[in-house]
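**Q** Following this message is one structure expressed as structure tokens.
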Amino acid sequence: MADLSETAAFPFVCEGGLVLNQSTFIMKPGQALELENFEPDIEGGYRRINGFSKYVSVVVPFTSDASEEVLMVATFADKVVAARGTSIYQATPGGSSWTSIDSGRTSAGKYSFERFNFDGNDKLIVVDGTNDPTVFNTSFSATDITTSSVEGSKFVAAFKNHMFYAGKSTTPQTLVFSQPFDEDAFGSGSGSIKVDDTITGLKVFRDNLFIFCENRIFKLGGSSSSDFAVVPVTRNIGCINGNTIQEFAGDLIFLGPDGLRTIAGTARIGDVELGTISANVQSLFDKNISSSSKFESIVIPDKTQYRIFFSKDSKADNITEGVICVMKGQTFEFSKVRGIKPTCTDTFVSAGDVIALHGSTSGYIQRQESGSNFDGTVILGKYRSPDLTFNDPGIRKHMQKVVVNYAPESSIDAALFVRYDYEDKDAPRPAAYPLDSTDIAAIYGTASYGTPTYGGASQPLVRQAVEGSGFAVALRVNDGGATAPYSIKGFQLEYQLGARR
């Protein structure tokens, strides 16, 4: 038997997410120096993300030019509603045709919308920054709200049985609200409120309506025109893109001038604290934030996950970047996503089914978290560990084995790379080692008869003999993009000590 008395083991679990603001010397072993198209898994480890697929099999019709963006997507009354060009359409999920439900909308911009029910009937209201607000009932009959004070509103929110409108270009600091239980009535019980900054978004959270502005944030409390009151949350920080405001993990998250921030109501009633959460990946925001007007965001609630996409006119879909933020315990973990370029988004939960949609630059409505590729384009995932010195960068380590713990959902198409001495060009660079998925348990509906191992592990340990030595070691996993997602849980590196430098 081989003498393993001098063999040491260095195990670590994959946790902490992408970290770009620390030296590799002080990073925790489980954190990632690269993490692209992997997501921090709420069940532990880093999981290769799902893809997206067509929610309706044909493009949303354009009205004059095929380059028109999809300006809105929303789930309502068991249909999908989309806006493009001068019209709004509805379609059946999985269907192959669109039906126009409103037309003649001139110079429409990006839409905002609200699903509401003031009178026992579900309704959808949409605004586009130019035209009259329009209300649809469940039969998709359209009613325009022609009151001049709300014509051309850019933002809309239902709060305390009033409908609030804001973002009108001629009155960018004014918030107009309807009378109770009627979005189209502006008599007794209606009114307006003016703040001292340009409004960039509205969001109801708990018992307040938060009013996001370019440089300030306010919250409106009360229940009627007689006691509505606006108080400042902060006069030093604003939201630079209202499309990034989402309710997430019991907080509101939004894009500030210095990255992602949250507004968290604390245990003390009326107290509010602001916190920056994206310091670990701040460099990604720094290089993209100048084009923030095009950013889009979406929440995947069953994964406690927020996604922001750096959609830009100058970037093709396959090189468009974004950031995934996952709440794990009391901390946020991040990764980078590449290959998704939404023009609009919506998340809706129906009977426990999370429906996350985006409008694509090609004119289709796509459902995220569906399939194993980006509507036919492979998903290329990357993971890289920090450079590991095993607490002594002065001693050479002769690597013997790498033990990989992962959770497959099907067969795996990935390769493991071992790199030495900070990937110095003169350091050993062994060829890729395949990640083996032959000894996995059968997964009903995906496994082929006779292929899996009976009683195989659902989270196997793969012991891979490796070559090379160095003073520091890093692991890479490159996904080939041809298989279903899987989660990398952790590693153990086995090595023998060599000479000191």
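The values are calculated or read from the model by the stated rules, or taken from the named source; none is laboratory data. Remember, predicted model here, so these are calculated numbers, not experimental data. Neighbour counts run over all protein chains shown; Cβ positions are idealised from the backbone, glycine included. Ligands, DNA and RNA are stripped out before the accessible areas are found, and what is left, the full protein with its side chains, is counted by its heavy atoms. Shrake-Rupley method; radii C 1.70, N 1.55, O 1.52, S 1.80 Å.
**Q** Assuming Gly455 fulfils every condition listed in (1) at pLDDT below 95; (2) surrounded by 14 or more Cβ atoms within 10 Å (Cβ to Cβ); (3) small (Gly, Ala, Ser) apart from one, which condition is it?
**A** Gly455 satisfies every listed condition except (2).
**Q** Those residues that are within 26 Å of the chain's Cα centre (by Cα) and more than 26 Å from Gly256 (Cβ to Cβ), I need them from the stretch 223-237; list them, please.
**A** Scanning the stretch 223-237 gives no hits.
**Q** Could you tell me whether Phe181 is at pLDDT 95 or above and surrounded by 18 or more Cβ atoms within 10 Å (Cβ to Cβ)?
**A** no
**Q** So which residues in the stretch 13-43 are touching a strand residue (DSSP E or B) at 6+ places or on another chain (Cβ under 6 Å) and either more than 14 Å from Arg384 (Cβ to Cβ) or small (Gly, Ala, Ser) (or both), if there are any at all?
**A** Selection gives Val13, Gly17, Gly30, Ala32, Glu39, Pro40, Asp41.
**Q** Follow-up. Hey, could you check the stretch 416-427 for residues that are open to solvent by 10 Å² or more (accessible area, probe 1.4 Å) and in contact with a Phe, Trp or Tyr (Cβ under 7 Å, 6 or more places away or on another chain) and say which is modelled with the highest pLDDT?
**A** Asp421
**Q** Also: Filter the strands (runs of 3 or more DSSP E) completely within the stretch 1-58 down to those with at least 2 residues that are within 30 Å of Thr75 (Cα to Cα) and in contact with a Phe, Trp or Tyr (Cβ under 9 Å, 6 or more places away or on another chain).
**A** Those strands (runs of 3 or more DSSP E) span 38-40, 46-48, 52-54.
**Q** OK, next. Kindly list the number of the only condition in (1) surrounded by fewer than 19 Cβ atoms within 10 Å (Cβ to Cβ); (2) in contact with a strand residue (DSSP E or B) (Cβ under 7 Å, 6 or more places away or on another chain) that fails for Ser67.
**A** (2)
**Q** Which residue pairs have Cβ atoms closer than 8 Å, lie 6 or more positions apart in sequence or on different chains, and pair a first residue in the stretch 412-432 that is without any contact (Cβ under 8 Å) to a residue 40 or more places away in the chain and more than 18 Å from Ile395 (Cα to Cα) with a second residue that is assigned to a strand (DSSP E or B) and open to solvent by less than 50 Å² (accessible area, probe 1.4 Å)?
**A** From residues that are without any contact (Cβ under 8 Å) to a residue 40 or more places away in the chain and more than 18 Å from Ile395 (Cα to Cα), the pairs are Arg429/Arg419; Arg429/Tyr420; Pro430/Phe417; Pro430/Val418.
**Q** Of all the strands (runs of 3 or more DSSP E) wholly in the stretch 104-146, which have at least 3 residues that are open to solvent by less than 40 Å² (accessible area, probe 1.4 Å) and not acidic (Asp, Glu)?
**A** Qualifying strands (runs of 3 or more DSSP E): 123-127, 134-136.
**Q** Separate question: Do we find that Val73 is in contact (Cβ under 8 Å) with a residue 12 or more places away in the chain, buried (at least 19 other Cβ atoms within 10 Å of the Cβ), out of contact with any Cys (no Cβ under 9 Å at 6 or more places or on another chain) and not basic (Lys, Arg) in this structure?
**A** So Val73 does not fit the description; no.
**Q** When both residues are 6+ apart or on different chains and their Cβ atoms are under 7 Å apart, which pairs have a first residue that lies in the stretch 35-46 and is hydrophobic (A, V, I, L, M, F, W, C) and crowded, with 22+ Cβ neighbours inside 10 Å, and a second that is part of a strand (DSSP E or B) and modelled with pLDDT under 95?
**A** none
**Q** A further question on this structure: If a residue has to be under 16 Å from the mean Cα position of the chain (by Cα) and either surrounded by fewer than 18 Cβ atoms within 10 Å (Cβ to Cβ) or closer than 12 Å to Val56 by Cα (or both) to count, how many in the stretch 370-384 make the cut?
**A** 1
**Q** Under the condition of being part of a strand (DSSP E or B), modelled with pLDDT of 95 or more and within 37 Å of the chain's Cα centre (by Cα), which residue from the stretch 466-486 is farthest from Thr389 (Cα to Cα)?
**A** Filtering first and then ranking leaves Asn478.
**Q** Oh, and also: Just the residues that are closer than 26 Å to Ile300 by Cα, among the hydrophobic types (A, V, I, L, M, F, W, C) and in contact (Cβ under 8 Å) with a residue 40 or more places away in the chain, please, taken from the stretch 214-245.
**A** Ile217, Ile240, Ile245
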